[in-house]
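A.B. asks: Please read through the structure below; I'll follow up with questions.
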Amino acid sequence: MTLNPYLWLVPLLPLAGAALNGFFGRRWSKHVISAVALVFCGAAFAMALLLAAGFSSASAPYYYDLAHWLRSGTFQVDFSFYLDQLSLVMLLVVTGVGFLIHIYSVGYMWDDDGYYRFMSYLNLFMFFMLTLVLAKNYLVMFIGWEGVGLASYLLIGFWFTKDSAAAAGKKAFIVNRIGDFGFLIALFLMIKHFESLDFTHVFAAVRTLPTETAGVGLLTAIGLLLMVGAAGKSAQIPLYVWLPDAMEGPTPVSALIHAATMVTAGVYMVARSSAIFERAPLAMMVVAIIGTLTALFAATIGIAQTDIKKVLAYSTVSQLGYMFMACGVGAFSAGIFHLMTHAFFKGLLFLAAGSVIHGIGGEQDMRKMGGLRVYMPVTFLTMSVATFTIAGFPPLAAYFSKDEILWKAYSSPNGSWVYWLLGVITAFITSFYMFRLWFMTFFGDYRGAIAHEDDKSSRAGAPSTHAQGGSAPHGHGHGHGGPHESPWVMLGPLVILAILSFVGGWVGIGGRFEHFLAPVFQSGAAEIAHETAGETAGKGTETLLMLISVGAAVLGFLLAWTLYFRRPQLPARIAASLGGLYEAVSHKYYIDELYRVLFIKPLIDGSTTILWHGVDQGVIDAAVNDSATAARHVSDNARHMQSGNLRSYAGWIAAGGAVVVAYMVWMGVR
Amino acid sequence: MLHLILFLFFGAICVAGAVNLLVQSHPINSALSLIVVMASLAAEYLLLGAEFVAAVQVIVYAGAIMVLFLITIMLLNAGKEEHTKGSRVATLIGVPGVAIGAVLVAWTLVGRLSTTHSVSIGALWGAPNDIARLLFRDFLLPFEVTSVLILIAIMGAVVLASRPEAIARRHHSTAPPQESRELVATGKDH
Amino acid sequence: MVPLSYYLVLSGILFVCGVLGFLIKRNIITIFMSIELMLNGVNLSFVAFAAQWHDLRGQVFVFFVMVVAAAEAAVGLAIIIAVYRTRETLNVDQVNLLKL
């Protein structure tokens, strides 16, 4: 390992920006605030590029110990940073996409009153995310883990005066916390058995242990608990419920945190812990199952949503499922590859959706959109690139990454055709709902309110999806004549991300990406050997499978074209004929309501009855109040001694004297 | 033998006087009973050989203090005691307490101590010059302090018992006429 | 020979009578006289012990007790007069303003 003294600058530059904007931003002009935020984030990005340029696989991994932290017997943890191939990929993605979204936010949030707060929080998020990615031990990673959860809470509930936003922020934080509980127990197990949380020490110790093929052992337990944490952070079943609600936050937040970076932290953590998972086949299987089921489940919900951001949110959950499926079958580098391309196209999708929302005055319901390609050509173009990418059309980025995952799901020793089949079905559904979104938004006639800021009509016609009330409180300084294109400060990042979505997958051609990451996933060497063997043997199979997945994408496109372009009256009739099934899907299978009945209500009721009334009021308050009452009663009775009557005083004295004499006699007699 | 008879005789008078003090309802009668007690006590002192103390008892106690009591009783025209609602505590707790304490002390002391020496009339050992030697040598400081104490008592008694107008008249010489009229007025409110 | 304990018993009887008088009587002056009775009982006890141990200091102490009793009687009676002026009564049960 080589020492790199510049590693610590990368996370701490955005922290400085956050602190400056946080403490002084209220008094600065918006230009100064923007400059501070962009400079510090850009500096982090520049540093990341420099590190990438100077990176060489021979001297990797790099490390840097910033400061001592904990010392307890043989256990020690320091503030240390670490850079290997995996961290480098994540670093570039986080800083690059983060910087683009910072630029976009300057335009999107310009008219907001809390502008300085927003830019401060964005920089703060960057600090925590970079700490997570560059950590050298699990505890520093946990700092970043918790910190991004905090930043997420702050940013989701950014418009905190709105009840639904504040509630969504709380929900995200609490559900994350449940996942963190699992993560923490995994850390405790590691401390107990490996006496260290440092990556190198832990993985070296793990690699000496045998694979646990029979039943549940230590590594399986650690793996499962880490997966609990990842499920919370990366919105997998059963802890995904916070992500759709998180759309209450401003769109740049959804793009940065809930598409490109924070939710991928779980995938990164699982990939980082590959040594543990590879020796715990049961845990890997659980990861794969959860990933696949989540992918399919979320995709089915996405087809019935009417809010554009909700569709993208469920799409994120679904794509994250793909990444976990990849990790679960042992194709960690494929999962990271998809993480990278997903950051590009999902970030682009959210930013473009934000541009659309901004352009039509805050409307988010797709039923009120339509025909917008005429008014917003650049947005339309970039969003189309993203839509075709996510559907998996070659030669765009996600085709390579998604195809890689599906192939590995089929061919890897831990994989099976079941995963592959469900993955293909999910790809078909993904293509369908994305093109549904595309057609409903950009084609047909404009169904929204024209001319004046006509928020009343849009609010009146919005019953089902509850995030509807988001005639987003980002004010419009300019008068609204109708849908219009966004300013170039917002369109620039869209274009750059579109280019990346186009070419981003080409790094995976010929397995170069996998080779690059191979030193991190050491048994990946065996994987690659197996793959080359499998390639020569099943090259035909691979081509066949690739054609099937492309076919699924095309099928989805055709279905969406039919239902939403050619015969737009069909969807309503189909929905009516499906009746209850459609209702269930459009209400997200009533999962939120189920959780409310199963967990939330008993918890609140129990807490109210037992803890509040029982303990707090009955025991603690009662103890204090009753002791005060008792003191009052005692003194109430004792004060009758002070009667003012001379003779009663004399009586008391005589009695007391008798007691003293009796005591003295008794002592003398003894 | 003679000693015992004399002791019992004067002791009986003593106790009778004490009980009479409790029983009488008019304070004058109680005061006179107390004088009887003091006189008999003086005789008891003589039996114990304390001639100086006996003399002082009669002169100071019976002669000065009790006269003071009698003057006050007659000054205030104290009449028979009325029966007012007393204190339950005093009777319920105090009296038994006293009884118990007394019984305990008596039980402790009686039967433990030996006899006293008897004295003969001519050879009383509590002579004034012996006591004076003690007072002015070993106990000089307490002696002087008691004289200061008496001085303070005199001053206090004078101030406490004087009428408010008397105080006002003393101030009147220094204060302007307006104030004295008010002070006099307040005095008349009684 | 008179045993010392006889004198002490007499002293005790006087003291107890004094306390009972304090507790039972209602007239302030009578209560004061009970106090004097108590002091006398104590004096007798002092003199008895002085005779027992042939120590004159007991008698000197009696002297001091008498001085203090005199001072106390003077001041106390002055207070009684002052209280009588304001309260117009010598009944101790009616002087009970200092109560809670």
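Laboratory data are not the source of any read-out in this text; all were calculated from the coordinates shown. Small disclaimer: the values here were computed from a predicted structure and weren't measured. Counting neighbours? That spans all protein chains shown, and the Cβs are built from the backbone with ideal geometry, glycine included.
A.B. asks: Going 7 Å from the Cα of residue B:91 toward and past its Cβ, which residues in segment C:22-48 have a backbone nitrogen under 14 Å from where you end up?
C.D. replies: C:23-26
A.B. asks: Now a separate question. With r as the distance between the Cβ atoms of residue A:641 and residue A:608 and R0 = 56 Å, compute the FRET efficiency 1/(1 + (r/R0)^6) and round to 0.05. Kindly include the intermediate steps, with their values, before the conclusion.
C.D. replies: Values: r = 46 Å, r/R0 = 0.81.
It comes out at approximately 0.75.
A.B. asks: Now for a separate question. Mind checking the mean number of beta-carbon atoms from other chains within 10 Å of the Cβ atoms in B:40-50?
C.D. replies: Mean shielding count: 5.
A.B. asks: Give me a comma-separated list of calculated 3J(HN,Hα) values for segment B:23-34, in order, Karplus coefficients 6.51, -1.76, 1.60 applied at θ = phi - 60°, integers in Hz, x for any Gly or Pro.
C.D. replies: 7, 5, 9, 8, x, 4, 5, 5, 5, 5, 4, 5
A.B. asks: Points 7 angstrom from Cα along the Cβ direction at residue B:169 and residue A:421: gap in nanometres?
C.D. replies: Each label point lies 7 Å from its Cα, and together they span 12.9 nm.
A.B. asks: Taking R0 as 45 Å, what's the FRET efficiency between residue B:83 and residue B:3 from their Cβ-Cβ distance, rounded to 0.05? Working shown, then result.
C.D. replies: Working: r = 44 Å, r/R0 = 0.97.
The formula returns an efficiency of 0.55 here.
A.B. asks: If a/c stays under 1.5 just call it rounded; otherwise compare a/b with b/c (prolate if a/b is bigger, oblate if not). Do that for segment C:4-94, with a ≥ b ≥ c from the square roots of the Cα gyration tensor eigenvalues. Write down the numbers at each step before the final one.
C.D. replies: Working: a/c = 7.02, a/b = 1.94, b/c = 3.61.
Oblate shape, in that a/c is at least 1.5 and b/c is the bigger or equal ratio.
A.B. asks: Give me a single rounded figure for C:48-55: the average over its residues of other chain Cβ atoms within 10 Å of their Cβ.
C.D. replies: Working: counts 7, 3, 6, 11, 6, 1, 4, 1.
Mean inter-chain Cβ contacts per residue within 10 Å come to 5.
A.B. asks: What is the gain in length, in nm to one decimal, between residue A:503 and residue A:546 on full extension, counting 0.36 nm per residue of separation less the C-alpha to C-alpha distance?
C.D. replies: Numbers: separation 43, 0.36 × 43 = 15.48 nm, distance 1.89 nm.
Here the segment from residue A:503 to residue A:546 would lengthen by 13.6 nm.
A.B. asks: Starting from the amide H of residue A:237, placed 1.01 Å from N in the peptide plane, find each other amide H under 5 Å away whose residue is 5 or more places distant or on another chain.
C.D. replies: Amide H to amide H, under 5 Å and 5 or more residues apart or across chains, residue A:237 pairs with A:294.
A.B. asks: I'd like the Karplus ³J(HN,Hα) series for segment C:11-19: coefficients 6.51, -1.76, 1.60, θ = phi - 60°, whole numbers in Hz, and an x wherever there's a Gly or Pro.
C.D. replies: Couplings: 4, x, 5, 4, 4, 5, 4, x, 5 Hz.
A.B. asks: As an exercise, use a Förster radius of 51 Å and the Cβ-Cβ distance of residue A:200 and residue A:586 to find the FRET efficiency, rounded to the nearest 0.05. Could the numbers behind the result be given before it?
C.D. replies: On the way: r = 49 Å, r/R0 = 0.97.
It comes to 0.55.
A.B. asks: What average count of beta carbons from other chains do you get within 10 Å of the Cβ of residues in B:27-34?
C.D. replies: Counting Cβ atoms of other protein chains within 10 Å of each residue's Cβ and averaging gives 4.
A.B. asks: So, one more: Mean Kyte-Doolittle hydropathy of 0.5 or higher plus an axial Cα length of 24 Å or more: which whole DSSP H helices in chain A meet both? Mind dumping the intermediate values first?
C.D. replies: Numbers: long enough: A:30-53 (34 Å, 2.02); A:85-108 (34 Å, 1.70); A:115-134 (29 Å, 1.33); A:138-156 (26 Å, 1.58); A:163-194 (45 Å, 0.89); A:281-302 (31 Å, 2.02); A:308-328 (30 Å, 0.77); A:332-359 (39 Å, 1.22); A:417-442 (37 Å, 1.36); A:524-561 (44 Å, 0.82); A:646-669 (34 Å, 1.28).
What comes out of the filter, once short or polar helices are dropped, is A:30-53, A:85-108, A:115-134, A:138-156, A:163-194, A:281-302, A:308-328, A:332-359, A:417-442, A:524-561, A:646-669.
A.B. asks: Right, next: Sort A:241, A:253 by Cβ crowding within 10 Å, fewest neighbours at the top. Please report the intermediate quantities before stating the final value.
C.D. replies: On the way: A:241 18, A:253 30.
Ordered by Cβ neighbours within 10 Å, fewest first: A:241, A:253.
A.B. asks: Further, regarding this structure: Report the label-to-label distance for residue B:145 and residue B:25 in nanometres (one decimal), using points 7 Å from each Cα along the Cα→Cβ vector.
C.D. replies: 4.6
A.B. asks: Can you work out ³J(HN,Hα) from phi for every residue in segment B:135-143, in order, using Karplus 6.51 cos²θ - 1.76 cosθ + 1.60 and θ = phi - 60°, giving whole Hz and x for Gly and Pro?
C.D. replies: 4, 8, 10, 6, 10, 5, 4, x, 4
A.B. asks: For residue A:346, give me every one of the lysines with a C-alpha distance below 20 angstrom, ignoring sequence neighbours fewer than eight places off in its own chain.
C.D. replies: Cross-link targets: A:233, A:309, A:310, A:402.
A.B. asks: Mind scanning A:162/A:368; A:368/A:601; A:170/A:408 and naming the pairs with a C-alpha gap bigger than 30 Å?
C.D. replies: A:368/A:601; A:170/A:408
A.B. asks: Report the full-extension gain for the segment residue A:554 to residue A:626: residue separation times 0.36 nm, less the Cα-Cα distance, to one decimal in nm.
C.D. replies: Details: separation 72, 0.36 × 72 = 25.92 nm, distance 7.52 nm.
Using 0.36 nm per residue and subtracting the Cα-Cα distance, I get 18.4 nm.
A.B. asks: To make sure I understand, if each residue's beta carbon is the centre and we count other beta carbons within 10 Å, what order do A:401, A:549 fall in, fewest to most?
C.D. replies: On the way: A:401 29, A:549 22.
Least crowded to most crowded, the residues run A:549, A:401.
A.B. asks: Ok, one more. Would you mind ranking B:5, A:303, A:289 by Cβ crowding within 10 Å, fewest neighbours first?
C.D. replies: Least to most surrounded, the residues fall as B:5, A:289, A:303.
A.B. asks: Follow-up. How much of the DSSP bridge set in the protein assembly as shown is antiparallel, in percent, rounded to the nearest 5? Can you show the working numbers first?
C.D. replies: Numbers: 14 of 16 bridges.
Here the antiparallel bridges make up roughly 90 percent for the protein assembly as shown.
A.B. asks: Assuming a ≥ b ≥ c are the square roots of the Cα gyration tensor eigenvalues, decide whether the protein assembly as shown counts as rounded (a/c under 1.5), prolate (otherwise, with a/b larger than b/c) or oblate.
C.D. replies: Details: a/c = 4.07, a/b = 3.06, b/c = 1.33.
Prolate, because a/c is 1.5 or more and a/b exceeds b/c.
A.B. asks: Here's something else I'd like to know. When only Cα pairs under 8 Å and 6 or more residues apart are kept, what is the percent relative contact order across segment C:4-94? The partial results should precede the final answer.
C.D. replies: On the way: 80 pairs, mean separation 28.1, N = 91.
Contact order relative to length: 31 percent.
A.B. asks: Given an 8 Å cut-off on Cα distances and at least 6 residues of separation, report the relative contact order of chain A as a percent. Don't jump to the answer; show the numbers that get you there.
C.D. replies: Details: 1064 pairs, mean separation 79.9, N = 670.
Result for chain A is 12 percent.
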